1. How large is the convex hull of the C-alpha atoms of the chain per residue, in Å³?
2. Using Cα atoms only, what is the angle between the long axis of helix 29-38 and the major principal axis of the chain, expressed in degrees (0 to 90) to the nearest 10?
3. In debye to the nearest 20, how big a dipole does the range 1-57 give about its Cα centre with +1 on each Lys and Arg Cβ and -1 on each Asp and Glu Cβ?
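Just so you know, all these numbers are worked out from the coordinates, no wet-lab data involved. Model, not experiment: these values are computed from the prediction. So basically every Cβ, Gly included, is an ideal-geometry build from the backbone, and we count neighbours across all protein chains shown.
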Amino acid sequence: MTQEELAQAVCVSRQTINSIETGRYVPSTVLALRVAAALATPVEQLFGLPEDDPMLAQRRA
């Protein structure tokens with residue numbers, strides 16, 4: 001799927017999709033869910049916390 005096709009499927013611009021892919025933009029929960037649905041992929045697989053996130057460290061302790 002192209003960026004343009006994904007953008008049309010989730011009602012945003014291609015530039016928004018590009019910004020998400022390059023890490024310059026963190027999507028809203030609704031947009032993240034739309035992207036995941038359009039790609040038939042669990043949202044957690046597309047958008048996860050970085051390994052050094054303090055929340056993950058707390059959960060491991």
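1. Working: hull volume 5.4 nm³, N = 61.
Per-residue hull volume (Cα only) is 89 Å³.
2. 60 degrees
3. Details: 3 positive and 7 negative charges, 55 e Å.
Using only the charged Cβ atoms, the result is roughly 260 debye.
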